[in-house]
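Q: Submitted below is the structure of interest, expressed as structure tokens.
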Amino acid sequence: MSRKEMRESLFLIGFMGAGKSAVSACLHEAYGMRLLEMDQEIERREGMSIPEIFEKKGEEYFRGLETGLLRELKGDSGTVVSCGGGAAMREENVKLMKEAGKIILLRARPETILKRVAGSDDRPLLRGRGTVEGIRDLMEGRRPRYEAAADLTVDTDEKTVDEICREILERTGAED
Ligand code: S3P
């Protein structure tokens, strides 16, 4: 890669199941960007799963860990960061992301999200909201902040992970 993307980090934000992890993995594996998967890094450091952290320490504690991790990225470049779905809800987090690179919002319809998250129980905020309506409600509440934070928005319904990766690289001007 010649290229601009090595200078700038990319922060993938969006709702749970929007494809942040899969797309980040693709940008890492196929396009050589360094990868930071925020949830995984937090789980590794805490020695607990995300549901356990929510249960034992509470959501605010988890949100503090997200902000702490983003603070560490100051001056970073060439990393694709797969953000937890709530990370862009804090103003400070958005500011930290913008200082280090571009924010890319991955969007999907509630119906698509439901299909993608079906059968997994590792998202505390989706417990009791496993319906299209439940997902739409939470998504609508988050939409204004997601959209205000985004430098670039990519709709992911009916696209493959590779197509999404290529679209991101083309639209960020990272690919020749
Ligand atoms: C959350 C999303 C999850 C995880 C936590 C909270 C949220 O990440 O950080 O369960 O508030 O939307 P994914 O978006 O990777 O599922």
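Computed from the coordinates by the stated procedures, all read-outs in this text should not be read as laboratory data. Worth saying up front: this structure is predicted, and the values here are computed from it rather than measured. Ideal geometry is used to build each Cβ from the backbone, glycine not excepted, and the neighbour counts take in all protein chains shown.
Q: Pick from Ser21, Ser49, Ser77 the residue whose mean-square fluctuation is largest in a GNM of the chain, springs joining Cα atoms under 10 Å.
A: Ranking Ser21, Ser49, Ser77 by mean-square fluctuation puts Ser49 first.
Q: Right, next: Assign one of three labels to the chain, namely rounded, prolate or oblate, based on the Cα gyration tensor with a ≥ b ≥ c the square roots of its eigenvalues; rounded applies when a/c is under 1.5, prolate when it is not and a/b is larger than b/c, and oblate otherwise.
A: Numbers: a/c = 1.68, a/b = 1.24, b/c = 1.36.
Oblate, since a/c reaches 1.5 and b/c is not below a/b.
Q: Per DSSP H run of at least 4 residues, take -39500 (n - 2.57); add these up for the chain, divide by its residues and hand me the 222 nm value, nearest 500 deg cm²/dmol.
A: On the way: 8 runs with 87 residues, N = 176.
After summing the helix terms and dividing by residue count, I get -15000 deg cm²/dmol.
Q: Between Arg109, Arg44, Arg143, find the one with the highest GNM mean-square fluctuation for the chain; connect C-alpha pairs within less than 10 Å.
A: Arg44
Q: For q values of 0.13, 0.22, 0.27 Å⁻¹, compute log₁₀ I(q)/I(0) with the Debye formula on a Cα-only model of the range 4-71, without solvent.
A: Log-scaled intensity ratios, in q order: -0.43, -1.04, -1.27.
Q: Once you order the gyration tensor axes a ≥ b ≥ c over the Cα atoms, which shape class does the range 80-176 get: rounded for a/c under 1.5, otherwise prolate or oblate by comparing a/b with b/c?
A: oblate
Q: With respect to the cross-link table entries Lys20/Lys56; Lys56/Lys159; Lys57/Lys159, which display a Cα-Cα separation exceeding 29 Å? Spell out each step's value before the answer.
A: Numbers: Lys20/Lys56 26 Å; Lys56/Lys159 37 Å; Lys57/Lys159 37 Å.
Those over the limit are Lys56/Lys159; Lys57/Lys159.
Q: Moving to a separate point now. Under a point spin-label approximation (7 Å from Cα along Cα-to-Cβ), what is the Lys95-Glu147 distance to one decimal in nm?
A: 2.4
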